[in-house]
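Colleague: Next up is a structure, given as structure tokens.
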Amino acid sequence: MDPLEPSSFNLQTTKIASGRRYQYCDQVPMDYKHGETPVMLLVHGFPELWYNWRYQIGPWVHRGWRVVAPNMLGYGETDKPEDIALYTPLSIAADLAGLLDALDIKKPVIVVSHDWGSADAWAFSERYTERTRMMISYVIHDLISGSMKPDLKDVFCLIDPLVYRSHISQP
């Protein structure tokens with residue numbers, strides 16, 4: 001895997017149980033054993049692709065991990081449905097579970113998320129606790145659950161890394 005050469009990665013496309021098509025990078029170590037090798041699920045943010053994980057994938061694979069990094073719904077060659085209800089964190093969490101099912105990954109995974117992918121990863125980790133070994137999130141905190149339900153405009157003003165998304169969402 002050469003981080004500067006996308007074609008050196010194993011990109012696949014599959015249809016999950018919901019009928020949606022997902023594109024994903026699926027890298028396995030040399031000594032891969034189905035059902036035994038630990039799995040890391042990488043969830044990208046906005047506006048990114050699986051390729052944003054290119055520098056992290058190789059080192060984890062070389063340490064014996066299978067790494068799955070999907071293009072999230074609406075990105076790359078993954079489906080782009082018009083129904084905005086399909087883009088909620090809970091809906092995308094179900095899609096992530098569907099992707100793991102399509103790949104026959106039964107053991108709990110480590111979910112690593114970045115930026116706005118963190119909302120989807122938190123939803124996955126909360127809804128599918130039996131499928132989550134660990135959750136690692138950076139750049140954004142849990143906006144899905146818990147006692148704090150902030151107004152997103154307030155969050156945008158308080159957290160500098162999010163300001164760009166607020167800015168570009170303005171007409």
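For every residue, the table says whether it meets (1) touching a helix residue (DSSP H, G or I) at 6+ places or on another chain (Cβ under 9 Å); (2) farther than 17 Å from F124 by Cβ.
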site	(1), (2)
D2	yes, yes
F9	yes, yes
V28	yes, yes
I57	yes, yes
R63	no, yes
N71	yes, no
Y75	yes, no
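Colleague: Only one residue in E36, E5 is open to solvent by 20 Å² or more (accessible area, probe 1.4 Å) and either in contact with a Phe, Trp or Tyr (Cβ under 8 Å, 6 or more places away or on another chain) or farther than 20 Å from V112 by Cα (or both), so which one is that? Step through it out loud before you land on a result.
Modeller: Details: E36 fails: either in contact with a Phe, Trp or Tyr (Cβ under 8 Å, 6 or more places away or on another chain) or farther than 20 Å from V112 by Cα (or both).
Unique residue meeting the criteria: E5.
Colleague: So G45 fits all but one of (1) within 17 Å of Y128 (Cβ to Cβ); (2) surrounded by 19 or more Cβ atoms within 10 Å (Cβ to Cβ); what number is the exception?
Modeller: Among (1) within 17 Å of Y128 (Cβ to Cβ); (2) surrounded by 19 or more Cβ atoms within 10 Å (Cβ to Cβ), G45 violates only (1).
Colleague: Regarding the range 80-88, can at least one residue be identified that is open to solvent by less than 10 Å² (accessible area, probe 1.4 Å), among the aliphatic types (A, V, I, L, M) and more than 21 Å from K33 (Cα to Cα)?
Modeller: no
Colleague: Residue by residue through the range 18-75, note down the ones that are aromatic (F, W, Y), closer than 28 Å to L86 by Cα and either touching a His at 6+ places or on another chain (Cβ under 9 Å) or without any contact (Cβ under 8 Å) to a residue 60 or more places away in the chain (or both).
Modeller: Residues of the range 18-75 aromatic (F, W, Y): 22, 24, 32, 46, 50-51, 53, 55, 60, 65, 75.
Then drop every residue that is not closer than 28 Å to L86 by Cα, which leaves 22, 24, 46, 50-51, 53, 75.
Matches in the range 18-75: W50, Y51, W53, Y75.
The values are calculated or read from the model by the stated rules, or taken from the named source; none is laboratory data. Keep in mind it's a predicted model, so treat the numbers as computed, not measured. When we count neighbours, we look across all protein chains shown, and the Cβ atoms used for this are built from the backbone with ideal geometry, even at glycine. For accessibility, only protein heavy atoms count, side chains too; no ligands or nucleic acids. Shrake-Rupley method; radii C 1.70, N 1.55, O 1.52, S 1.80 Å.
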